[in-house]
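The values are calculated or read from the model by the stated rules, or taken from the named source; none is laboratory data. Everything quoted here is computed from the prediction, not taken from an experiment. Please note: Cβ atoms are built from the backbone with ideal geometry, for glycine as well, and neighbour counts cover all protein chains shown.
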Ligand code: ADP
Ligand code: ZN
């Protein structure tokens, strides 16, 4: 898919293209204000800072951030539902909640300011994907506590686009609406977008009959191979968008048409990459855990929130003109990592192997088990319809190729099982591709 760079808009160049010095000065000032607000209004932050002997007066520049304590998901659970609100409840206008991929749900409280900030962040992301008031945006993320649906809805509305608030599910109907209303953009998880793309093909619709030109896909990790596959299916530009409820929702960072990393909305959040073991900063370009501090949120500010998402960061200026830091693709959440016979395995590594192989469908499941006290990893994959009836020796050759490549990329020997077309689960929201029977 050729990059549609001419339609990639920079919505707020005064922030997105700031010089590093100006940006860091702004971040330092906003960090100080956020820390004062959190210290004075949220007992947890006061207690933790007092315990470290740090006061808000000690935090005046972004370098000072390392003096501050981390926060983590259990803090949100321990203070559920409103123990981290930094304003009276009357000023909270919305709660959104995590979809609960891992463990119990958590909520985040938003003031009107926070909703406005979040809306701006999403609007920037959609503008980077070419969205204007001329566009029709089909929102196929779920609506509800999950931030995906409402987040994209608000951002697209701010740009004056026509929004089709479909929510997720009912794939045939999604496609009928895409066709009838002529959506030019669609936003959902990349796994659901893939299912929609496959269904479009199965229904005998040529993607050129649709008007789609781009989409922002996120809420789960996906690989470059998955993007290529999706762009091939739908003939549009598939861009990555990242976010998490605790920090605001989608739009924390987003890809531009250069497709070389996700621009962090750094005037609203400070991103750090740390060594998850020691908490120390990692140099740019080295994979570590992402940590975010919100610097414009008032309802539930988050200070040094550990995301458990792993990626790299670069601060080099992008060809699009933006100067904001770019995150590499999330290679996985540390929570998703499976340890098989002592080796760390991320589903995205397996995905990059499978989706790159001709004839293999972009769907897979990983099944981990323990037999005779040794871990086993089974990778279930589907062949595309046209290959399924292929010769046994060809299928065998594909299986061997996948086994070898998985071994070389991941470092463990997996049992590759080929299952009939369309028998593996499909996902309308976040995909769940690991079944770990060891924990049962
Ligand atoms: P949950 O923790 O229940 O999944 P959220 O809906 O807030 O809660 O999802 C946030 C998480 O989703 C992130 O921390 C990250 O792991 C994942 N995520 C969101 N967007 C992306 C993306 N573009 N690429 C990879 N992972 C993503
Ligand atoms: Zn860019």
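What to note about this one:
- The lone exception for residue 217 - which of (1) crowded, with 24+ Cβ neighbours inside 10 Å; (2) without any contact (Cβ under 8 Å) to a residue 60 or more places away in the chain; (3) more than 16 Å from ligand 1 (Cβ to nearest atom) it fails: (3)
- Only one of 83, 130, 142 that is in contact (Cβ under 8 Å) with a residue 60 or more places away in the chain, assigned to a loop (DSSP other than H, G, I, E, B) and either surrounded by fewer than 17 Cβ atoms within 10 Å (Cβ to Cβ) or within 16 Å of ligand 2 (Cβ to nearest atom) (or both): 130
- From 66, 71, 119, 111, residue being surrounded by 14 or more Cβ atoms within 10 Å (Cβ to Cβ), more than 30 Å from residue 9 (Cβ to Cβ) and either away from ligand 2 (no atom under 16 Å from the Cβ) or not assigned by TED's automatic domain parsing to the domain that holds residue 27 (or both): 71
- Set side by side, the residues 326, 304 differ, and just one is under 25 Å from the mean Cα position of the chain (by Cα), more than 16 Å from ligand 2 (Cβ to nearest atom) and closer than 30 Å to residue 35 by Cα, which is 304.
- If you go through region 310-344 and keep only what is under 17 Å from residue 264 (Cα atoms) and without any contact (Cβ under 8 Å) to a residue 40 or more places away in the chain, you end up with 310, 311, 312, 316, 317.
- If you go through region 397-420 and keep only what is surrounded by fewer than 16 Cβ atoms within 10 Å (Cβ to Cβ) and assigned to a loop (DSSP other than H, G, I, E, B), you end up with 411, 413, 420.
Listed here are the residues, each with its yes/no results for (1) in a strand (DSSP E or B); (2) farther than 19 Å from residue 62 by Cβ.
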site: 296; (1), (2): no, no
site: 301; (1), (2): no, no
site: 307; (1), (2): yes, no
site: 310; (1), (2): yes, yes
site: 319; (1), (2): no, yes
site: 322; (1), (2): no, no
site: 335; (1), (2): no, yes
